[in-house]
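Below is one structure; the comments refer to it alone.
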Amino acid sequence: MILLLLLLVVAGTFTVRLVQLQVGIHEQKQAFNSLQAAYTQQLQENEAVRKKLDRADEAQYIERVARDSLGLIKPGERVYVDASAGD
């Protein structure tokens, strides 16, 4: 009788542990799939940027960076600032 009870306890312990491991495996698979999707999306974004840089004329790219990032203007150009934008 004691042997049967001990066997049931061991079998129950193994069953609980097996279920826990299966849940962990399922969670890890979901995390992996999520990371794989993010990786694929990042590859697509990188390719789009690479194509954009390949198509862009170097002079136009330099001008856009100078205007947008550095705030530079061409000689003789007038810059108008909208004073109402700060409201």
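The values are calculated or read from the model by the stated rules, or taken from the named source; none is laboratory data. Predicted model, so just to flag it, every value in this text is computed and none were measured. Cβ placement follows ideal geometry from the backbone for every residue including glycine, while neighbour counts extend to all protein chains displayed. Only protein heavy atoms, including side chains, enter the accessible area calculation; ligands, DNA and RNA are left aside. Shrake-Rupley method; radii C 1.70, N 1.55, O 1.52, S 1.80 Å.
Ignoring ligands, DNA and RNA, what percent of the 1.4 Å accessible area of the chain is carbon and sulfur?
Numbers: 5220 of 8410 Å².
Answer for the chain: carbon and sulfur cover 62 percent of the accessible area.
Could you give the accessible area per residue of the chain, probe 1.4 Å, as a whole number in Å²?
With the other protein chains kept in place, the chain gives 97 Å² per residue.
Under a Cβ-Cβ cut-off of 13 Å, what is the net charge of the residues other than residue 62 that fall near it, where Lys and Arg count +1 and Asp and Glu count -1?
-1
Quick check: residue separation of residue 31 and residue 18 times 0.36 nm, minus the Cα distance between them. What number comes out in nm? Don't skip to the end; give the middle numbers.
Values: separation 13, 0.36 × 13 = 4.68 nm, distance 2.00 nm.
Between residue 31 and residue 18, full extension yields an extra 2.7 nm.
Measure off 7 Å from each Cα along the Cα-to-Cβ vector at residue 69 and residue 54, then give the distance between these two points in nanometres to one decimal.
2.2
Would you work out the charge dipole size for the chain about its Cα centre, treating the Cβ of every Lys and Arg as +1 and the Cβ of every Asp and Glu as -1, and quote it to the nearest 20 debye?
Rounded to the nearest 20 debye, it is 380 debye.
Using the alpha carbons of the chain, what is the convex hull volume per residue in cubic angstrom, as a whole number?
Convex hull of Cα atoms, per residue: 180 Å³.
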